[in-house]
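Remarks on the structure that follows.
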Amino acid sequence: MERIYFDNASTTSLGGEVLSAMMPVLTDTYGNSASVHSFGRDAAQLVDNSRDYIASSINAKSNEIYFTSGGSEANSLAIIGIATANRGRGNHIITSKIEHPSVLNACKYLEKSGYEVTYLDVDKNGFIRFAELLGAIKTNTILVSIMAANNELGTIQNLKAIANTVHEKGVIFHTDAVQLYGNMSIDVEDIGIDAMSVSAHKLYGPKGVGCLYISNKIKFDPIIFGGNQERNKRGGTLNTAGIVGFAKACEIANRDLRTNNHKLRELSSYFVNKLKESVDNVIFNADTKQKLPHIISATFVGVDGESLLTKLDLNGIAASLGSACTSGSLQISHVIQAIGINNNDAKSTIRFSLGKNNSFEEIDSAINIIKRSVEELRAFSSTYGAKTRKRKGDK
């Protein structure tokens, strides 16, 4: 059976060039980068080179890059670290209702510690409203954290406008750019980003490594304690091979950015058009040009999303109900609810996220399977519903 992977927003495959860059580090340069002997110095040099490249790719300074275990840790470090270090300035934080769970849960943690958090509404496409953001900023507001590109909708926020609005009030701006970095050029100085989270496994790099960019102007506290790694801001032995793979993945993503974006736009347009032609009653959420092309949120009206996802999986197609970080939960996606979709339709929503390794032939195969699966589920629902109504009528 052919297997088709349409869940690239959850994670991407490890690129061949990335693996090739990591292998010598795993086998030969295995020293601890914090050690002072030659084995450690060799590893430290690789870490420094990787840090330099990642910093240059976003127009940051090397000492503004802090390596983490991924996006979730970077988000927690940014939000909790900035909040605690700046408690003397205030205790109010602003975020949105469609953030990644690592942002929302970090905010909930802070609420238990006496911080006040405002959760902004979004419109039907997932954009925050600037009037609401401006109205939410108070004299004790210290941090605004707004996701750069949403992981379920693909919506890209107007980061520069947000940064300008926030900075006019003297507030720090953090963005979760896990989905955006590698799909779009980011200049933290030009945009006005104070802190930004990135993860390697969203751009064909290894899992278990990411980074937090945080401006030297911003105070923040560590949340993981150990040795004096990462300039005393993040304890723990660095994942040298992962960091080298991360930098290589960043290099490839930037090198191939235009080519990949062109291909993803073509694949996405083809997928959406074929799905519209083949399946009735499909609603495409966040139908806006200001979005990542590879993320497609589709509501199959009258179809249970979990049942559809299971059928697709049995036929070799990998997709998702939403964020992989909440896939074990039976709750309806908080993102889909936030854009105003009713609970029934929310339960019928599937996220397809395409990747640079997908093909038009895969889409053709997948559309046929999706069409058949939706028709079978709707037929079953109609028959089962009719029988249920008849039994209730007999009573």
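Here, each number is a calculation from the coordinates, and none is a lab measurement. Just so it is clear, the structure is predicted and the values come from calculations on it, not from any experiment. Virtual Cβ from ideal backbone geometry, glycine too; neighbours counted across all protein chains shown.
Below, the figures for the structure above:
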item	result
Amide H contacts under 5 Å for Ser320, placed H, 5+ residues apart	Arg351
Under 5 Å, built H, 5+ apart or other chain: amide partners of Lys61	none
Under Karplus coefficients 6.51, -1.76 and 1.60, residue-wise ³J(HN,Hα) of region 47-58 in Hz, glycine/proline x	4, 4, 4, 5, 4, 4, 5, 4, 4, 5, 5, 10
Whole-angstrom gap from region 69-139 to region 145-169, using each part's C-alpha centre	12 Å
Sites matching GluC sites (Glu not before Pro) across region 208-306 that sit in DSSP coil, with at most 11 neighbouring C-beta atoms within 10 Å	none
Acute angle (nearest 10 degrees) that the helix 360-394 long axis makes with the longest principal axis of the chain, alpha-carbon atoms	50 degrees
Computed [θ] at 222 nm, helices only, for the chain once each DSSP H run of length n ≥ 4 contributes -39500 (n - 2.57)	-14000 deg cm²/dmol
Reciprocal mean inverse distance between Cα atoms of the chain - Kirkwood radius, Å	22.3 Å
For Ile94, distant residues with modelled amide H under 5 Å away	Thr118, Leu143, Val144, Ser145
Inter-part distance where region 333-374 and region 242-292 are each reduced to a Cα centre, Å	13 Å
Over 19 Å between alpha carbons, listed pairs Lys97/Lys207; Lys207/Lys233; Lys124/Lys291; Lys124/Lys202; Lys97/Lys217; Lys311/Lys347	Lys97/Lys207; Lys207/Lys233; Lys124/Lys202; Lys97/Lys217
Local net charge near Glu306, Cβ-Cβ under 12 Å (Lys/Arg +1, Asp/Glu -1)	0
Sparse-neighbour loop sites [trypsin sites (Lys or Arg not before Pro); region 204-249; at most 12 other C-beta within 10 Å; DSSP]	Lys217
Computed over region 182-316, Cα set: Rg, Dmax in Å	20.1, 58
